[in-house]
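Asks: Handing you this structure, nothing more for now.
The values are calculated or read from the model by the stated rules, or taken from the named source; none is laboratory data. A quick note: this is a predicted structure, and the numbers were derived from the prediction, not measured. Backbone-built Cβ (ideal geometry, glycine too); neighbour counts: all protein chains shown.
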Ligand code: ATP
Ligand code: MG
Ligand code: FE
């Protein structure tokens, strides 16, 4: 079965072809970051208009790369939500229109399910059940994943998401948008122990997170300092250390609570090298194996949507016949495919 995946929930157009026998055939991403940078954040209307320009040429590009044509497709998966309504509607309407003319089913995929399953696009994937730490621009959640569609929320952020905290802190340091990768870059030059920032909810006894206080602590610190390059790097490092310690402690708490031995890290913050290094070190000691998506599949991409669509198709062959988008969508509401129920 050959599935086309279309991701258009925010500011990346991602298109991919996933073959259920052969795996990922091809994928392409167009990032709108440069276009939104001058506004300091994503402008929804500009995002929608740009997705319109990109979806079909990128689709043609990956079909050509894989020596396939539209007629070879068996299904089209598109991101149904959560995300920006106008941006989602572009992927949904193009995907559904193509599927209608090709007489093939569509699958409206949950964006976070895409992130969560992205580490499975690998030669050495984790096997169900596992715990997932989902750390993206809009979400921070710990999930117990027992199968496709079987997700139990173990804990989540009470306020800002991890990626959002990275971006807001980067902005305070004058690092532009989106600041997560830039902050992580300068943190390499930071002197350890010059500043110490709070670790919010570290000992709260549950698996929830809170990052807005950390951002406020950075603001207070920034206001007291002269922001030369070294000071910026030192604050970036202090922020990253606090963030990484909280994420690791809570993840290990989830491993203990569930008794599972595989941890999957998904979402853009999963690209952070300090998080990866320290998590790998900490988990090895405790007999836990940690899995990451390939770096290019940490942030938004079409491969994760094609893959999640293919998994859903395997379990429930009848696709949707009409489309809707869900700008807000709770992942626990996802239905479990019949054949996947325990
Ligand atoms: P969501 O998936 O919750 O709707 P999103 O799609 O915007 O949000 P992702 O694409 O998964 O989120 O990730 C983007 C986020 O990841 C941004 O906040 C970005 O700053 C952060 N990020 C990317 N690379 C790094 C890095 N190396 N270190 C820290 N943060 C990073
Ligand atoms: Mg993005
Ligand atoms: Fe995302």
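Asks: If residue 16 satisfies every condition in (1) in a strand (DSSP E or B); (2) within 15 Å of ligand 2 (Cβ to nearest atom) but one, which is the exception?
Replies: Answer for residue 16: the failing condition is (2).
Asks: Looking at (1) part of a strand (DSSP E or B); (2) under 20 Å from the mean Cα position of the chain (by Cα); (3) over 22 Å from residue 93 (Cβ atoms), which is the one condition that is false for residue 28?
Replies: With (1) part of a strand (DSSP E or B); (2) under 20 Å from the mean Cα position of the chain (by Cα); (3) over 22 Å from residue 93 (Cβ atoms) applied to residue 28, the lone miss is (3).
Each row is one residue, and each column tells you yes or no for (1) without any contact (Cβ under 8 Å) to a residue 24 or more places away in the chain; (2) part of a helix (DSSP H, G or I); (3) more than 13 Å from ligand 1 (Cβ to nearest atom).
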{"site": "88", "(1), (2), (3)": "no, yes, no"}
{"site": "93", "(1), (2), (3)": "no, yes, yes"}
{"site": "97", "(1), (2), (3)": "yes, yes, yes"}
{"site": "100", "(1), (2), (3)": "yes, yes, yes"}
{"site": "104", "(1), (2), (3)": "no, no, yes"}
{"site": "107", "(1), (2), (3)": "no, no, yes"}
{"site": "115", "(1), (2), (3)": "no, yes, no"}
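Asks: Taking the stretch 123-140, which residues are away from ligand 1 (no atom under 16 Å from the Cβ) and either out of contact with any helix residue (DSSP H, G or I) (no Cβ under 6 Å at 6 or more places or on another chain) or at pLDDT below 95 (or both)? I'd like the intermediate steps shown before the answer.
Replies: In the first step, residues of the stretch 123-140 are kept if they are away from ligand 1 (no atom under 16 Å from the Cβ); the result is 123-131.
Those that are away from ligand 1 (no atom under 16 Å from the Cβ) and either out of contact with any helix residue (DSSP H, G or I) (no Cβ under 6 Å at 6 or more places or on another chain) or at pLDDT below 95 (or both): 123, 124, 125, 126, 127, 128, 129, 130.
Asks: Considering only residues that are without any contact (Cβ under 8 Å) to a residue 40 or more places away in the chain, touching a helix residue (DSSP H, G or I) at 6+ places or on another chain (Cβ under 7 Å) and surrounded by fewer than 23 Cβ atoms within 10 Å (Cβ to Cβ), which ones fall in the stretch 266-281?
Replies: Matches in the stretch 266-281: 278 only.
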